[in-house]
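Enquirer: Please read through the structure below; I'll follow up with questions.
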Amino acid sequence: MTTASPSIFTRIIAREIPADIVFENDSIIAFKDIAPQAPVHLLVVPKTEEYANVSELAEGDPALLAEVVAVARQLAAEYSTGEYRLVFNSGSSAGQTVFHVHAHVLSGPMTEGSLGF
Ligand code: 5GP
């Protein structure tokens, strides 16, 4: 579980930790998940670490959430078939380990195991 600030994703944004970055603008960064659970597994991350999970983001900045969804769709088209799952884990018992809101974009042929992600 990662609760420290700066979060691991903030450290990726700052280039303190390497990542395979696939998209970046002023408000969002996206990169390949280090432990992919699907043929294409990207993380779309608002640069601010103000919001720990998707509910906080929806309440605090719905336009930024909409931007996360738009970037996810764009990347799924670019890196896969355009069909994808968008997963936001919220809370440690739901599998969240990094408390800096992020969307998992999962695409490509899903195995039975990956459906349990
Ligand atoms: P969560 O479990 O919080 O929903 O998702 C966190 C995700 O971040 C996990 O899928 C994990 O593999 C990924 N992750 C954790 N540390 C790193 C890292 O240093 N680099 C990258 N690219 N992904 C990471």
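The values are calculated or read from the model by the stated rules, or taken from the named source; none is laboratory data. The model shown is predicted, which means the values in this text are computed figures rather than measured ones. As a convention, Cβ positions derive from the backbone with ideal geometry for all residues, glycine included, and neighbour counts pool all protein chains shown. Areas reflect the complete protein model, heavy atoms only, side chains present, ligands, DNA and RNA absent. Shrake-Rupley method; radii C 1.70, N 1.55, O 1.52, S 1.80 Å.
Enquirer: Compute the helix-to-body angle for 62-79: its Cα long axis versus the longest principal axis of the chain, expressed 0 to 90° and rounded to tens.
Expert: Between helix and principal axis, roughly 40 degrees.
Enquirer: So, for the chain, what is the accessible surface per residue at a probe of 1.4 Å, expressed in square angstrom?
Expert: Each residue of the chain exposes 54 Å² on average to a 1.4 Å probe.
Enquirer: What nm value, rounded to one decimal, do you get for the distance between Ala63 and Arg11 when each label is placed 7 Å out toward the C-beta?
Expert: Using points 7 Å along Cα→Cβ, the separation is 3.3 nm.
Enquirer: Oh, and also: Can you pull the percent of the chain's accessible area that's carbon plus sulfur, 1.4 Å probe, other chains left in place?
Expert: Within the chain, the accessible surface is 52 percent carbon and sulfur.
Enquirer: Looking at the chain, send over the antiparallel percent of its DSSP beta bridges, to the nearest 5.
Expert: Around 95 percent antiparallel, to the nearest 5.
Enquirer: Classify the chain as rounded, prolate or oblate, taking a ≥ b ≥ c as the square roots of the eigenvalues of its Cα gyration tensor: rounded when a/c is under 1.5, otherwise prolate if a/b is larger than b/c and oblate if not.
Expert: It comes out rounded by the Cα gyration axes.
Enquirer: As a check on your grasp of the helix formula, calculate [θ] at 222 nm for the chain: sum -39500 (n - 2.57) over DSSP H runs of n ≥ 4, divide by the residue count, round to the nearest 500.
Expert: -8500 deg cm²/dmol
Enquirer: Below 8 Å between Cα atoms, with a sequence gap of 6+, how large is the relative contact order for the stretch 26-117 in percent?
Expert: 38 percent
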